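First the structure, in the form of structure tokens, and then the observations on it.
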Amino acid sequence: MSLLSAASLRHLLRHPAQLLLALLGLALGVATIVSVDIATASSRRAFELSMDAVNGPATHQIIAGPQGVDEQVYARLRTTGNIPLAPVVEGYVTIGDRSMLLVGVDPFAGVGLSGAADGPKRPDPAGWLIRPGAVVLSSTTARQLGLSVGRSFNLTVAGSERRATLVEELRGQHAGYDTVLFTDIAQAQEWLGSVGRLSRIEVHLPAGRPGDAAAARLRGSLPPGLQLVATRGRARESLDMTAAFTTNLQAMSLLALLVSTLLIYGSVSFAVVQRRRIIGIVRALGATRGDVGRIVLLEAAILGLIGAGCGVVAGILIAHALIGLVSRTINDLYFVVAVKDTALPTWTIAKALSVGIGTALVAALLPAIEVTNSPPQLGLRRSVLEMRAVHAARRLAVVSFFLAIGAGLIIFAWTRSLLAGFIALFLLLLSVAAITPAVLRALAQLAARLVGRSSPIIRLALADIAASLSRTAVAVAALGMAIAAMIGVSIMVESFRESLREWLTRTMRADVYVTAPGPGAGRPERRLDPQVIEALVAVPGVVDYSLSRRVSVELPDGPVSLDALKPAHASFAAVPLTSPNPQRTWKDFARGDIIVSEPLAWRLQLSQGDLLTLNTAIGPRSLRIAGIYRDYGNDRGNILMSLARYRGLWHDEGTTGMGLYLAPGSALEASLAALQAAVHGRQALLMRSNRDLRDLSMSIFERTFVITRVLYWLAAGVAAIGLVSALLAWELERGREMAILRALGLTPRGAALLIETQTGFMGLVALLAAIPAGLLTAVVLVDVINRRAFGWRIDLHLTAEQFSNALLLALAAALAAGLYPAWRSARVPIGTDMRDE
């Protein structure tokens, strides 16, 4: 081992606390990325397995609108062609408190359950056809539900109970079958209320030109309202619905890594500064510039490798908690998915290792260049280092200005790109880091002149901060950047919360909302019994009501929700139109035009008066957009249509929900009891007051943003650890200086006050630099990131709590950094620190 390598290893081993804190900061940054990758990949994999379990080897699907496909179409295609086909009926049911996908299949068909290459063994058709309510479950799910072969149980479909019997268990299948309940197609039609209708027809076409030709012939033979789509493409469209959500998670994880980059830079730079005397001596003894630069980069690479390895392990542990949050949010907002297994993509490990090592090397590049370009005699002088730090702070202030300008130009140049929005956001955060050293020096000098008149100790403490930028600037810059992100995210979340609360208050005008229970807001099986509707309307005290049918319709880029409305008189004011002439909009709506939500208008670049083509039961129809309304319920977008117009286009007489308006002065609890009594024994319904429904919506919102809070607190934690690491090392290096002050008469309490004043002041400076940047970050998050990712228009809301949390973090991290040095300065004998090596 060379002399330089030995000196480097000896230095690292003599500073274990500093080394461990630097590793912890990098490990947390890598762990955040790994945990987000695992959580999103696990949810994605669970959905893909479910789709594979249901679709089998089908390459295409014949689909229609909410009413599904007429089974006569299947009969005709089956008898007139030689293409492998299989009918499927599906819908969601509930067993206890567990949601399952009910799939009705034909056990004699060649595609689907009976024909999947990796699917279950073909069940005995006699067991399906002879026993009423016969179902097949995976052995894992049957065990979890306490079921065995031959046992009967109840399942619930849209509030109506049905009796089922487990006739067979699927054993040794992949996890995709754990959320699927198979039954005979006729039984599924009866339970789901879709007799004579199919959810889709699965098609298996050969690859290449023969398959393309067969697909073209099949499309030409389909009646109006039916489409032939690729199975993989349809599954991809469903997964793409979560793209904006997962992109935001990955951006938050990159924020933690960005903070880690500054901390690694600070750690490596500080390690170089601490060894400036040793490096100067070995340079004077003959070590080349390349030798010194290589040892600095080697240290960083080893640090990055160990930190990345620890980050992968920590990321796997964090992911187990994050998977639940991510899957719950996907269930709340997109589709039902049950994550049973943790997916750890190999590319995630490779990415984590490369990111960890790459981050450390990039962060160490500047210190390596600096140390290799320093003449040996100047490397021994601290004054040279501080002079360079001052010049660097001035240059970085200019860089900060250009970074902020660049962020603005990117936003205005690429007005719809989400990636450009994130790049602008990170440039803005980097501008905070770049301006912080100059702000720290200027404020420390100013405070030393103003406050220092009353206390020599405080003046000494503040002046020392201004004279020690090489040690303090990077740590304070990292903390400032993390605090700016925290303020921005807090303002964004609170702004969204208040906008959502105001929107819910306006849109929920009915006193009681009634709907059929079950997962999936747009599922066709969620219907209210017509007799139940009549009974509810006839309850004394109900003076008005609205009807709605929520379904999913196909657009070229995937499904979108459609709400067909028969509004009550008070319902018109509940829709927050952005149109300048609401009366005209509602007249056009009554004549058959549609109203679209802001997210859909943003995503498809639609304006009032444009035409939107929908594939209806009678073929494609171009519908005029009468207006646009504000909506926070669906980031994919939503379409409003009159119920009469919808029924004419899709021949669907179903009703998903009702809004009941009670007579003034009616007691809510008594009215709810009367409504429940009116439908008792007919259909179990979800009946909620508007207040309860608002509370439920807000609880879903809070669950959604738990993940965001976890990620930005992780980023803040990384910055706090970095500040503690850098300031702790700085204070310990100043042991000799502190000992001299103690010998000159400074008491232990005065020494502790000096140290805590310095660390507390640096925390305040980080906060002051972060506040304006945090406000700008909030504007970017609200008006750029969220707008481009989801299409929402959010009003900005500021509260004291958004800044008090940032103040708490800044002061807690800064004061914690000074605790050990303050304690040490009072306990260690003066002679020990004054002794020169």
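Quick notes on this one:
- Between Ile369 and Leu460, the FRET efficiency from the beta-carbon distance, with R0 = 45 Å, is close to 0.85.
- Net charge, Gly421 excluded, C-beta distance under 12 Å - Lys, Arg +1, Asp, Glu -1: +2
- Computed on protein heavy atoms with a 1.4 Å probe, the accessible areas place Met508, Met481 in the order Met508, Met481, largest first.
- Assigned charges on the beta-carbon of Lys, Arg, Asp, Glu; region 566-655 dipole about Cα centre (debye): 200 debye
- Solvent-accessible surface ranking, highest first, for Asp635, Asp610 at 1.4 angstrom: Asp610, Asp635
- Taking a Cβ cut-off of under 13 Å around Arg549, the surrounding Lys, Arg, Asp and Glu residues balance to a net charge of +3, with basic ones at +1 and acidic ones at -1.
- Counting only protein heavy atoms and using a 1.4 Å probe, the accessible area of Asp593 comes to about 30 Å².
- Note on Lys351: accessible area is roughly 70 Å² with a 1.4 Å probe, heavy atoms of protein only.
- Cβ-based net charge around Tyr661, under 9 Å, with every Lys or Arg adding one and every Asp or Glu removing one: -1
- Pairwise label distance in nanometres, Leu409 with Glu498, each label 7 Å out on the Cα-Cβ vector: 3.4 nm
- Taking all protein chains together, Leu285, Leu297, Leu20 sort by accessible area into Leu285, Leu20, Leu297, largest first [probe 1.4 Å].
- Förster radius 30 Å - calculated FRET efficiency between Val537 and His651, Cβ distance, rounded to 0.05: 0.80
- In a simple Cβ point-charge model (Lys, Arg +1; Asp, Glu -1; nothing else charged), region 527-570 has a dipole of about 80 debye relative to its Cα centre.
The values are calculated or read from the model by the stated rules, or taken from the named source; none is laboratory data. Keep in mind the model is a prediction, meaning the values are calculated, not measured. All Cβ positions, glycine included, derive from the backbone under ideal geometry; neighbour counts span all protein chains shown. Remember, those area values only see protein heavy atoms, side chains included, never the ligands or the DNA or RNA. Shrake-Rupley method; radii C 1.70, N 1.55, O 1.52, S 1.80 Å.
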